[in-house]
């Protein structure tokens, strides 16, 4: 029985070895008959912004926490009421952050002493009429906002622009591959692979915006410029 068990084990091992060898051969890299050309191509697409966001904050200070919050709430209510009167809706307004912090006075070798409280309320404002950006900022400040972050100019469908940038990048890669093929006396056979560069896998969006003051009307003037969406593709061609 021991001899039979040994023979059986040898038989199974012999049967497995060819399978393992076959699997290793299948995993071997495929040889490419030709010259591989790898190109990094940047594609761009431009958009005129059609969406604006602004963070407007109201900061108030008072001797007590209750007074600071009360004064803050009153001014925020005035800001929100004016924004709605100008045509904005509830869905365009969102509370971004509320905070209440004690204010201290410090003296050497003494414990800090609370001198009052500071309350802040930040509201995120969104609207689509880009031309109104300057007047909205003026309204916010006029009605009590004393902390402004923005404006930020955006497009509401960046994926469409990103697809255009990808199309542009691939077209440029094909043009450059054709150039290299002519210079080398070879022909472009096919594309071996396409990948997006990890650095720009998320589109890079830059907005050129400028702010100034109109002397005659004393109102804020903004120029949103254009948005530029870019992406990089790594394309490998086979030349023969």
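Observations on the structure shown:
- Only one of 189, 138, 168, 163 that is surrounded by 12 or more Cβ atoms within 10 Å (Cβ to Cβ), modelled with pLDDT of 90 or more and in the same structural domain as residue 95 (by TED's automatic domain parsing): 138
- Qualifying residue in region 43-52 (condition: part of a helix (DSSP H, G or I) and either farther than 30 Å from residue 180 by Cα or touching a strand residue (DSSP E or B) at 6+ places or on another chain (Cβ under 8 Å) (or both)): no
- Verdict on residue 61 being modelled with pLDDT of 90 or more, under 30 Å from residue 225 (Cα atoms) and outside any helix (DSSP H, G or I): no
- Among the residues of region 101-124, those identified as in contact with a helix residue (DSSP H, G or I) (Cβ under 6 Å, 6 or more places away or on another chain) and closer than 30 Å to residue 153 by Cα are 119, 121.
- For region 114-124, the count of residues that are closer than 30 Å to residue 231 by Cβ and within 27 Å of the chain's Cα centre (by Cα) is at least one.
- Any hit, region 212-220, residues being in contact with a strand residue (DSSP E or B) (Cβ under 7 Å, 6 or more places away or on another chain), crowded, with 16+ Cβ neighbours inside 10 Å and modelled with pLDDT under 95: yes
- Residue 150 being surrounded by 13 or more Cβ atoms within 10 Å (Cβ to Cβ), part of a strand (DSSP E or B) and modelled with pLDDT of 90 or more: no
The values are calculated or read from the model by the stated rules, or taken from the named source; none is laboratory data. Bear in mind that the values here come from a model prediction, so they are computed numbers and not experimental data. Please note: Cβ atoms are built from the backbone with ideal geometry, for glycine as well, and neighbour counts cover all protein chains shown.
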